[in-house]
Amino acid sequence: MPRNSKVAPAAAQPYFRPEALTFLRNLAKHNDREWFTPRKAIFEAELKEPMLAVVRKITDAMVGFAPNHVRPAEKSLFRIYRDTRFSNDKRPYKTHVAAWWSHQGLDKTSGAGYYFHISPKEVIIAAGAYMPEKEQLAAIRHWLLDHHREFRKLLQNPKVRKHFTEFEGNALTRPPKGFPCDHPALDLVQCRQWGLSAALPAQAALKPDLGAVVIRHFKLAAPIVDALNTPIAAALAPKRKVLFGLH
């Protein structure tokens, strides 16, 4: 081989090495730029690139069961940097790596979607509408008035219950304004978020089947994500114009 030739770095595998979890544990102890900056290349090699590889593998599979959530891996991956502008906690870095697959046409963190993250403590897999914005919250609540039975059936699917727990709903203590207080969907309507989550041991991130595990969970959650996005998409759809009194 010619002396000046460079060997291209090997493509990242869609799972992590133990060094990734070690890096995150150390980052939690030294959460400052002085520690992180000289180790940024380690972060990218041990965490960012493997995470992108996992995200691409999952996204490829989502073509078959969640095509409206397919997006470039770089857009699904959250940055390691925290937004500290409005927080009293000024630590600059997150101590986990995470990805979020939003519905096409919705803002990155709104609507119902798919999420997972890796920390030194656990792997979290989740899906649903997490703290939706005001208009989306109202759309879901109105939809639940007529569709609460079918939504409950999705949540009570035995396979879903075997692998997931429901989000803590962050529920209101009384009915939202304008909603009936004696409706059979009241417990769902009072919630401010709906969805599923599962916690796996951190060691799951080190196994070659990491992507397959996340894919299986996302497939189970897909009907619930689709249901929650139905009223959001309907609320965003352009209204048909009326011409000369005709629809």
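State all residues of the range 162-189 that are more than 21 Å from A126 (Cα to Cα), surrounded by 17 or more Cβ atoms within 10 Å (Cβ to Cβ) and not aliphatic (A, V, I, L, M); if no residue qualifies, say none.
The one that is more than 21 Å from A126 (Cα to Cα), surrounded by 17 or more Cβ atoms within 10 Å (Cβ to Cβ) and not aliphatic (A, V, I, L, M): F179.
Taking the range 69-104 on its own, how many of its residues are open to solvent by 80 Å² or more (accessible area, probe 1.4 Å) and not aromatic (F, W, Y)?
Total satisfying the criteria: 9.
Consider G178 carefully, then state whether it is more than 15 Å from the chain's Cα centre (by Cα) and on the phi > 0 side of the Ramachandran plot.
yes
Please give the helices (runs of 4 or more DSSP H) falling wholly within the range 133-247 in which 1 or more residues are small (G, A, S).
Qualifying helices (runs of 4 or more DSSP H): 134-155, 210-236.
Show me the helices (runs of 4 or more DSSP H) entirely contained within the range 1-101 in which 2 or more residues are basic (K, R).
18-29, 49-62
Filtering the range 29-49 down to residues that are among the hydrophobic types (A, V, I, L, M, F, W, C) and either farther than 12 Å from Y93 by Cα or loosely packed, with under 15 Cβ neighbours inside 10 Å (or both), which residue is nearest to the chain's Cα centre (by Cα)?
Out of the qualifying residues, it is L47.
Looking at A233 and the list (1) over 22 Å from I125 (Cβ atoms); (2) open to solvent by less than 10 Å² (accessible area, probe 1.4 Å); (3) within 20 Å of the chain's Cα centre (by Cα); (4) not basic (K, R), which single condition is not satisfied?
(2)
The values are calculated or read from the model by the stated rules, or taken from the named source; none is laboratory data. This one's a predicted model, so the numbers in the text were calculated from it and none came from an experiment. Every residue, glycine among them, receives a Cβ derived from its backbone with ideal geometry; neighbour counts consider all protein chains shown. Surface accessibility is based on the protein's heavy atoms, side chains included, excluding ligands, DNA and RNA. Shrake-Rupley method; radii C 1.70, N 1.55, O 1.52, S 1.80 Å.
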